[in-house]
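Everything below concerns the one structure shown next.
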Amino acid sequence: MTNSSLSKLSVDQLKLLDQNVVWHSFSQMQGYQPLIIERADGCWLYDIDGRKLLDGVSNMWCNVHGHNHPHINQALRDQIDNVAHITTLGLSHPNTIRLAQNLVEITPAGLNHVFFSSDGASAVEVALKMAFQHWCQQSNPQTSRRKFAALGNAYHGDTIGSVSVGGIEHFHQKFDPLLFECVRLPGPNIYRTELDPANATEFFAQRYREILKQHQNELAALIVEPIIQGAAGMIVHPPGLLHQLREITRELGILLIADEVAVGFGRTGQMFACEVEDVEPDIMCLGKGLTGGYLPMSATVASTEIWNSFLGDHGEAKTLFHGHTYSGNPLCAAAAIASLELFELEDTLNRLKPKIEYFQRRLNDLLDVKQVGDIRKFGFVAGVELVQDKTTHEPFDWTTHRGRNVCQRALENGVWLRPLGDVIVLMPPFCVDQAEIDLLIDTAKSAIEAEFEAET
Ligand SMILES: Cc1ncc(COP(=O)(O)O)c(C=O)c1O
């Protein structure tokens, strides 16, 4: 096909190519059903068949202020006429510098140095390498610290390092032979346990302390998704657990990496989830919402102690030998700066408070549905778990794809959702209004009811 014929493809031709040429993420391509979006505005997506769909999951959890926001659009237009890309390998750009300083100012105290990459998984890889190398470069090198601890059912991205610290069997088990060893702490999900919620924080903190102590001298760092484990099914941690993890890791001399890729930039109601429990990690990973959900950019923000351990003469080879061609890209940085400006200009976090309250209140309506076993919610995030039996919490056989079926039904009624197995994720952009929250929750509810109508 010539370039000119490619620009004139019909809707059917686009769909055929989308099924046969584009290899979609986390998707079985046999029987793949294309959903092709040609434009978006606020919390609405418009597909090539002329349908208007509510974006119920913020375009894979990354959109913040809504699509097509004039302030971010203008920032990109202003930047594109100057230069599209300047690498951070030996060069810099004012936007990259401004953004780095901006992040230092808004992230928890002590995080003062920013390494840019392009996606969340890379930000995690950088954090792991930084932590390992940091220990090797002490005046008394601690080269035995070559392992990482992570929580059960953790998700930190899909590169080999980030999969090694990940713990979602269904996604990660296949790659086992390729992965490095990880010290696994039990995932703090109490849904299918006998644990009294009032004792959960102490229970897990105690277990974590024991396991981390056993491996104290071989651990470089513990990595956690603070407050909410997203891909695990929006597992909300027992309150105070993150704070305790910070105390335990500090006491045992293990670095704490907070992976805020999914929860950073307002999702929990605070700018960063670590703020919910007043936690200052040693390293923080940022991605997704960093550019407002516009462009691929991520960041690994490190403490001065870590930064200092990398300083030295060239001959000492203390350099962080890691880099990505597009890291610190000025267009991405322009979008990120504009998105951070919007948090102030639109008073985003304060305006989000009543929406969070309303969203969480409306979610309770789903509890009436027989197959809704658990609703996990925090801030502007919810995971609605479908079960066969509400009393025993027995899950459905995963091959029956209940979550996927429910999302397909919601799509037919104008709401785009993407499930995590049998957990229906609800995570709208922050610009959503009350009527749109109603539409999201009512549509999810009727889609679940319709899926099980014939069986009840
Ligand atoms: C907590 C967490 N870390 C890392 C990642 C990976 O980010 P990316 O998909 O941008 O590589 C994700 C993606 O969902 C995530 O939820």
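The values are calculated or read from the model by the stated rules, or taken from the named source; none is laboratory data. Predicted, not measured: the structure shown is a model, and the values here were computed from it. Cβ sites come from the backbone with ideal geometry, for glycine too, and all protein chains shown count toward neighbours.
Results, tabulated for the structure shown:
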item: Filtered residue count, region 156-204, keeping only those that are in a helix (DSSP H, G or I) and within 16 Å of residue 237 (Cα to Cα); result: 8
item: Members of region 101-145 found to be part of a strand (DSSP E or B) and either within 16 Å of the ligand (Cβ to nearest atom) or buried (at least 19 other Cβ atoms within 10 Å of the Cβ) (or both), listed by number; result: 111, 114, 115, 116, 117
item: Residue match in region 326-341 (condition: surrounded by 15 or more Cβ atoms within 10 Å (Cβ to Cβ), of a type in the set (Phe, Trp, Tyr) and part of a loop (DSSP other than H, G, I, E, B)); result: yes
item: Contacts under 6 angstrom Cβ, first residue in region 43-64 being free of Cβ contacts under 8 Å to residues at least 24 places away in the same chain, partner surrounded by 15 or more Cβ atoms within 10 Å (Cβ to Cβ), 6 or more apart; result: 47/37
item: Selection within region 255-297 - touching a strand residue (DSSP E or B) at 6+ places or on another chain (Cβ under 6 Å), aliphatic (A, V, I, L, M) and within 11 Å of the ligand (Cβ to nearest atom); result: 257, 258, 261, 263, 286
item: Residues of region 229-265 satisfying the condition of being surrounded by fewer than 23 Cβ atoms within 10 Å (Cβ to Cβ), assigned to a loop (DSSP other than H, G, I, E, B) and touching an Asp or Glu at 6+ places or on another chain (Cβ under 7 Å); result: 240
item: Residue pairs meeting the criteria (Cβ under 6 Å; at least 6 apart or on separate chains; first of a type outside the set (A, V, I, L, M), in region 327-356; second modelled with pLDDT of 95 or more and surrounded by fewer than 16 Cβ atoms within 10 Å (Cβ to Cβ)); result: 329/85
item: Residue match in region 301-323 (condition: in a strand (DSSP E or B), within 16 Å of the ligand (Cβ to nearest atom) and not hydrophobic (A, V, I, L, M, F, W, C)); result: no
item: Criterion violated by residue 97 - all others in (1) within 18 Å of residue 216 (Cα to Cα); (2) without any contact (Cβ under 8 Å) to a residue 24 or more places away in the chain; (3) surrounded by 13 or more Cβ atoms within 10 Å (Cβ to Cβ) satisfied; result: (1)
item: Any chance residue 221 is farther than 17 Å from residue 108 by Cβ and either out of contact with any Pro (no Cβ under 8 Å at 6 or more places or on another chain) or not in a strand (DSSP E or B) (or both); result: no
item: Qualifying positions in region 45-58 - within 14 Å of the ligand (Cβ to nearest atom) and touching a Leu at 6+ places or on another chain (Cβ under 8 Å); result: 57
item: Lone qualifier among 171, 148 - being within 16 Å of the ligand (Cβ to nearest atom), aromatic (Phe, Trp, Tyr) and closer than 22 Å to residue 247 by Cβ; result: 148
item: Unmet requirement for residue 374, which otherwise passes all of (1) modelled with pLDDT under 95; (2) under 30 Å from residue 272 (Cβ atoms); result: (1)
